[in-house]
1. Using the basic label-point model (7 angstrom from Cα toward the beta carbon), what is the Ala118 to Met1 distance in nanometres?
2. Report, for the range 6-263, the % of DSSP beta bridges that are antiparallel, rounded to 5.
3. Give me the one-decimal nm value for the distance between modelled label points at Arg197 and Arg152, 7 Å along each residue's Cα-to-Cβ direction.
4. Is the shape of the range 1-151 best called rounded, prolate or oblate, per the rule: a/c under 1.5 gives rounded, else a/b larger than b/c gives prolate, else oblate, with a ≥ b ≥ c the square roots of the Cα gyration tensor eigenvalues?
5. What nm distance separates the two modelled labels at Ala94 and Ser144, each placed 7 Å from Cα along Cα→Cβ?
6. Return the single residue from Leu141, Leu121, Leu88 with maximal mean-square fluctuation; model: Gaussian network over the chain, springs between Cα atoms under 10 Å.
7. Count charges around Arg193 for me, please; just the other residues with Cβ under 10 Å from its Cβ, Lys/Arg as +1, Asp/Glu as -1.
8. Setting aside same-chain residues fewer than 8 positions from Lys113, which aspartates and glutamates have a Cα under 14 Å from its Cα?
Amino acid sequence: MDRITLGQLASMKRERQPIACLTCYDATFARLLEQAGVEVVLVGDSLGNVIQGHASTLPVSVDDMVYHTKSVARALSAPLLIADLPFLSYTTPAQALASAHRLMGEGGAQMVKLEGGAQVLDMVRALSDFGVPVCVHLGLLPQSVHRLGGYRYQGREAGAAERIRADARALQEAGAELLVVECVPAQLAGELRQQLRMPVIGIGAGADCDGQVLVLHDMLGAHRGRPPRFSRDFLTGQTGGLSGALAAYVAAVKSGAFPGPEQTLF
């Protein structure tokens, strides 16, 4: 696989070739993801849940993100590597630039991701103006879990859906080049895919997206407690072990078999 670029992801969107993305936190799994054909690897602040054992992503620090991003970057040669800016590490343009510098300069990320809509426009604009590729995240925002009252689907009411549409358009104009949309109705995600120039990667957002992402541990059935309703266990019953499970996930995304109706809740 050649090095994946943002330009190639944009071409995949235009040609309706689904983009396969997974989270990753270490070098061993990074190698397996690349071998399976994953185009985008996300070092997510979900490491707070699945690696550190926290109840949310909020305790994750920039130091944590740099450490895990560096570990993943050492093992990758082709996939695009994105790293999350953790909670309260991008409250001002200057802070966002400093945090992004660490994730890219020390960690080896090629793109950073941040959560939010209108409130992060200045940060997205500053990052983009200084040459930092930016992925944005709308819908369910894990860093805002306490304000949202839990991990709940977003955008189901007309007003909330329109706010997500307006935020997505504004973020794109501010310089964002990729959108992750989480736990929103499939119809809304499909509208965003059609309306935006940037690729739209869904998680719990139905099949009508430009690509799909899952937390690695969820798609391997290694989650704590009840699995997310939008996920699927690709490992149980898989004769090929971990490599087979990852290859099955990529194939299911590419064919459109995942997410299916049972993972599409609204």
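Taken together, the values in this text are just the output of simple stated rules run on the coordinates, not laboratory data. It should be emphasised that the depicted structure is a prediction, and the values quoted were computed from it without experimental measurement. Don't worry about glycine lacking a Cβ; one is built from the backbone with ideal geometry, like all the others, and counts go over all protein chains shown.
1. Roughly 3.9 nm, to one decimal.
2. So the antiparallel bridges in the range 6-263 amount to around 0 percent.
3. 3.6
4. It is rounded, given that a/c, with a ≥ b ≥ c, falls under 1.5.
5. Simple spin-label model gives 2.6 nm for this pair.
6. Per the Cα network of the chain with a 10 Å cutoff, Leu88 tops the list.
7. Net of charged neighbours comes to -1.
8. Asp45, Asp84, Glu177, Glu182
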